[in-house]
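The values are calculated or read from the model by the stated rules, or taken from the named source; none is laboratory data. Keep in mind that what you see is a predicted model, and the values were worked out from it rather than measured. Cβ: placed from backbone, ideal geometry, glycine included. Neighbour counts: every protein chain shown. Surface accessibility is based on the protein's heavy atoms, side chains included, excluding ligands, DNA and RNA. Shrake-Rupley method; radii C 1.70, N 1.55, O 1.52, S 1.80 Å.
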There are 2 protein chains.
Amino acid sequence: VSVTAPKGFIANGVHAGIRRQKLDLAIVRSTLPAVGAGMFTINRVQAAPVRLCKASLALEEPWAVVANSGNANACTGLRGDIDARAVQAEAARLLGLKSEQVLVLSTGVIGQPLPMGRILPALRPCADGLAEGPDAGKRAAEAIMTTDLRSKESVAHGPGFTVGGTAKGSGMIHPNMATMLAIVTTDYPLASHAEALALLRPAVHESFNAITVDGDCSTNDTLVLLANGASGVTRTPATDAAFVECLRSVCMDLSAQVVADGEGCTVVAEVKVTGAANDDEARAIAQRIATSPLVKTALFGHDANWGRVLSAAGSAPYNGGYAHLDPDRVCLRYNGTLVLDRGAPTGVEPDVSGSDLTIELDLDIGDGRFMYLTSDFSYEYVRINADYRT
Amino acid sequence: VSVTAPKGFIANGVHAGIRRQKLDLAIVRSTLPAVGAGMFTINRVQAAPVRLCKASLALEEPWAVVANSGNANACTGLRGDIDARAVQAEAARLLGLKSEQVLVLSTGVIGQPLPMGRILPALRPCADGLAEGPDAGKRAAEAIMTTDLRSKESVAHGPGFTVGGTAKGSGMIHPNMATMLAIVTTDYPLASHAEALALLRPAVHESFNAITVDGDCSTNDTLVLLANGASGVTRTPATDAAFVECLRSVCMDLSAQVVADGEGCTVVAEVKVTGAANDDEARAIAQRIATSPLVKTALFGHDANWGRVLSAAGSAPYNGGYAHLDPDRVCLRYNGTLVLDRGAPTGVEPDVSGSDLTIELDLDIGDGRFMYLTSDFSYEYVRINADYRT
C-alpha cells in the first residue's frame, strides 16, 4: 500500500513503451481539491519537468502527478520544455484539471528527447484506469522504477488519517536530493502550499537528504506531497504532531528502502557522527565518510579498514576548508566495538560480517550530530553503471 | 632514471620485511649540503611522519629522505610519533646527519603500529648500499610502491642541471594531495627552504593537485624536493625559468603516471573545463566531474553517457553553494565531437572506444579554466579495495 492508502486518492501505472517491457507511465490524483508542495534537486542543471513543476506550483495547488520512467527529459534544451508542457496539458485535459494543477515528473536516461509519440497516446488508458486500492498504488509505484529491483511503498496511520508514499531511486542517490522521484499523499487537511512545504522540509532533511549511494546529485530529484483533507479529521495540536511524525516515518522508510535497493548494494551502513562542532559539521563529516569509495569498497569486502573512515572524516569539506576534527580525541566504533580510543587503536578486530553495519564516530568536540545511510560499492554497482545504456 | 639522475644524489631500496616480498624501505640522500621543501596532505588526520616532517623542516634544511611502504604509521596515536622519531634518529646516526635533516615518509595500511623490529635493523643495510646511478634510483622507486603496478620515475634536463623524481600512488589519489609519496631531487642551486617551497607550489597545483583516482585525500601525502647545487650552474633568470619548467615537467609526468597506474585503471580521461566564472570554479567543476562514480563507471563501460557529466558539473560544490553554470550555454565535446551545443543535444554519438578520452566542457560564462586527470572505476578497482588488507 502506498499513494492510494489515504482516502480520496486514485492511481494507475501503464506500459507506454518508453521502456522495453515494464510499466513506465503513472498518474496519481486526488479526487478532491488538494494542496501540496514539492522539493527539488538543487543541481544547476535541472530537467525540464523540474522547472515546469516549480513554475506550476507558483500558480496553482497540485491535484495530480504524472510520472514517467525510462527518460529524464534532462539536458534536452527548449524541446524538453515544450515536451514537458505537452504532457502536462494532455494529462490535465484527460483529468479535467488546469494544466498547472498537474505536476510532471520524469526519470531515466539524460540527454534524449522524450518519445512523445508513445507517451501522449498512453496517457488516456492510464487516466481511464485510475482506481483506488493497493493494486492501483502498486502499479504507480512500479511505473516509476528505473534500475530499482524492488518497488518502494510506505504507509503510516495517524489518529483518523493516513500518509502513504512511493519512491524510486537506485543510482545517482545523494543529497540534495537523493536522485529519485517520490510521491507522498495524505488525507490529512493542510491549509496551503506554504504549510505543506514547511512540514515537508524537516522530514526530507533527515531522510532523503541523509542518504547516499554514489554521491551523485541528479538533475531530476523531485518529491511531491499532495494533501486533500479527505479524512475529515479536525486538526488539533495533537493531530498536527501526529501528522508530522507520520510524514517523517514515511520519508525515513522510503529513503531507507532506496539505500537498501541501491545499485549493487550488498551492505547497508549507518554512519553516526556525534560530538562534532555543530550539526552542520557532523553532517559534512558523515556525508564524506558515506561517500568515500574506499570506505564503500571496504564495506563490500567486509573489511573493517577503519583508517579509511578516519581519513575521510579528516577531509570533509566545510565552509571552504575541512570540518573540525582533533585526531587525538576521536573514538570510533564498528557495530559497538571500540576500534579507536581517543586516537589510539585498541587492536580489537570488530565483526563486520553482516549485511548491516553501524559506524559510530565520536569527535568529542561539541554537541553536533548527524546520521547518514549508505550502501557499499560492489562489482554489481560497476556492472550496472558501465552498461546502463546498453 | 629518477632521484639519482641529478649529480650528488645516492639512493637505495631494500626488503625490510614490512611487506611480504617486495622492497619496502628506501633512502635517498644528497652527498652535499642540500636545501629543500615539502608539501603535505591537508587532511585533518595527519600521519605521524607528516607531522614529523613539518616539525623537522621548521628547524633544518633536509639532506635525506627515508621512506617505507606497507605501513602508513597513521592513526597510531602517541606511539606513532615515537616510532617515526626513532626511525629518523637511527637513519640520521647511520648517515652522519642531524635527526631533523632526515625526513621520514610512510605509506600503506592505516591504523597499525610500525613494525619497528623489522625497520630499525634494515636501516643499516639500506644505508650501507646507498649508491649513484639508475639502478639505485630504481630500487628506491620500487621500495615506495604499495598497490602500484609500475614504479614511477621521471627526469628532465635543463642547461647544465637535472631534475629527477619518483612517486608512488595508486589509491586514495585525490587533492590535496594525490595520496602518495613523491621525492624530487635536483642539482640546481636553490637558496633556501623558502625558495624551494615557492617554486614547488605552482608545480604541484597543476600536477599532483589536479588528479584523482578515487576522490579520497589521504593521511600521508608528502612530496619532498631536495636541491644540492651539485651541477655548479650559475643562476640567471634564464636558468631559473628553465628550472621551473623542468620541475613542472617532472611533477606533471609523475602525476600522469600515477593516474595511468590508478587502481584498476583501464581508461584515463582528461577533463578540461573552460569558460567558467574563474579558475577556481573551473577547478571545482572539473574535480566534481573527475570524481563522479557515475562518470567513472561510464568511462569503464566506454559509454558516452554525457548526461552524467552535465549532472556532475551542475552540482560542483563551490563557496557554500554550487559553481556557476548556465545549462543553456554549455557546450560539451568528447574527443572533439560536439555532443551538446548550447544546452541542446546534437544527437551525434562520439567514439569513446579508446583507453584515452578527452572531455571538454565549455561553460561560456567567463575565462576560468582548469584541467583534471582521472581514471575509470572498474571491477578491478572494487576488487583491489575490497580485499586490500587480506
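Taking the criterion of being surrounded by fewer than 19 Cβ atoms within 10 Å (Cβ to Cβ), within 18 Å of A:Ile289 (Cα to Cα) and hydroxyl-bearing (Ser, Thr, Tyr), the only residue of the stretch A:356-380 that qualifies is A:Thr358. Inspection of the stretch A:258-274 identifies no residue that is open to solvent by 10 Å² or more (accessible area, probe 1.4 Å) and free of Cβ contacts under 8 Å to residues at least 60 places away in the same chain. Evaluate the stretch B:204-217: report whether one residue or more is touching a Pro at 6+ places or on another chain (Cβ under 9 Å) and part of a strand (DSSP E or B). Within the stretch B:204-217, one or more residues are touching a Pro at 6+ places or on another chain (Cβ under 9 Å) and part of a strand (DSSP E or B). Within the stretch A:275-321, restricting attention to residues that are over 26 Å from B:Phe377 (Cα atoms) and at the interface with chain B (Cβ under 8 Å from one of its Cβ atoms), the residue that is surrounded by the most Cβ atoms within 10 Å (Cβ to Cβ) is A:Asn319. The number of residues in the stretch A:195-220 being among the charged types (D, E, K, R) and either open to solvent by less than 10 Å² (accessible area, probe 1.4 Å) or in contact with an Asp or Glu (Cβ under 7 Å, 6 or more places away or on another chain) (or both) comes to 2.
Residues that are basic (Lys, Arg) and either at pLDDT 95 or above or assigned to a helix (DSSP H, G or I) (or both) within the stretch B:165-203 comprise just one, B:Arg201. Of the numbered criteria (1) at pLDDT below 95; (2) open to solvent by less than 50 Å² (accessible area, probe 1.4 Å); (3) β-branched (Val, Ile, Thr); (4) farther than 25 Å from A:Asp148 by Cβ, the one A:Thr346 fails is (2). Among the residues making up the stretch B:345-381, those that are under 16 Å from B:Leu332 (Cβ atoms), more than 12 Å from chain A (Cβ to nearest Cβ) and acidic (Asp, Glu) are B:Asp351, B:Glu360, B:Asp362, B:Asp364.
Select from the stretch B:141-165 the residues that are crowded, with 22+ Cβ neighbours inside 10 Å and either of a type in the set (Lys, Arg) or touching a Lys or Arg at 6+ places or on another chain (Cβ under 6 Å) (or both) and list them in ascending order. Selection gives B:Ile144, B:Met145, B:Asp148, B:Lys152. Restricting attention to the stretch B:322-343, the residues that are aliphatic (A, V, I, L, M) and open to solvent by 30 Å² or more (accessible area, probe 1.4 Å) add up to 1. Taking the stretch A:30-56 on its own, how many of its residues are of a type in the set (A, V, I, L, M), surrounded by fewer than 21 Cβ atoms within 10 Å (Cβ to Cβ) and part of a helix (DSSP H, G or I)? Result for the stretch A:30-56: 1. Number of residues in the stretch A:221-249 that are open to solvent by less than 20 Å² (accessible area, probe 1.4 Å) and either basic (Lys, Arg) or under 11 Å from the mean Cα position of the chain (by Cα) (or both) equals 4. Taking the criterion of being under 21 Å from the mean Cα position of the chain (by Cα) and part of a loop (DSSP other than H, G, I, E, B), the only residue of the stretch A:6-15 that qualifies is A:Pro6. Any residue that is out of contact with any Phe, Trp or Tyr (no Cβ under 7 Å at 6 or more places or on another chain), within 12 Å of chain B (Cβ to nearest Cβ) and in a loop (DSSP other than H, G, I, E, B) - is there at least one of those in the stretch A:115-137? No. Evaluation of B:Pro327 against the conditions (1) outside any loop (DSSP other than H, G, I, E, B); (2) within 14 Å of chain A (Cβ to nearest Cβ) shows that the sole unmet condition is (1). Only residues that are part of a loop (DSSP other than H, G, I, E, B) and out of contact with any helix residue (DSSP H, G or I) (no Cβ under 9 Å at 6 or more places or on another chain): list them for the stretch B:218-259, please. The answer is B:Asn228, B:Gly229, B:Ala230, B:Ser231, B:Gly232, B:Thr234, B:Thr236. In the stretch A:275-291, what residues are touching a residue at least 60 places away in the same chain (Cβ under 8 Å) and among the aliphatic types (A, V, I, L, M)? Within the stretch A:275-291, A:Ala276, A:Ala277, A:Ala282, A:Ile285, A:Ala286, A:Ile289, A:Ala290 qualify. Applying the condition of being in contact with a Ser or Thr (Cβ under 7 Å, 6 or more places away or on another chain) and in a strand (DSSP E or B) to the stretch B:68-105 and asking which residue is nearest to the other protein chains (Cβ to nearest Cβ) yields B:Asn71.
In the set (1) open to solvent by less than 10 Å² (accessible area, probe 1.4 Å); (2) modelled with pLDDT of 95 or more; (3) over 26 Å from B:Gly164 (Cβ atoms), the condition left unmet by B:Gly17 is number (1). In the condition set (1) acidic (Asp, Glu); (2) over 18 Å from B:Pro33 (Cβ atoms); (3) touching a residue at least 60 places away in the same chain (Cβ under 8 Å), B:Asp81 is compliant with all but (3). Residues in the stretch B:148-164 that are assigned to a loop (DSSP other than H, G, I, E, B) and touching an Asp or Glu at 6+ places or on another chain (Cβ under 6 Å) were compared, and the one that is nearest to B:Leu247 (Cα to Cα) is B:Ser151.
Could you list all residues from the stretch A:16-29 that are part of a loop (DSSP other than H, G, I, E, B) and hydrophobic (A, V, I, L, M, F, W, C)? Passing the criteria: A:Ala16, A:Ile18, A:Leu23.
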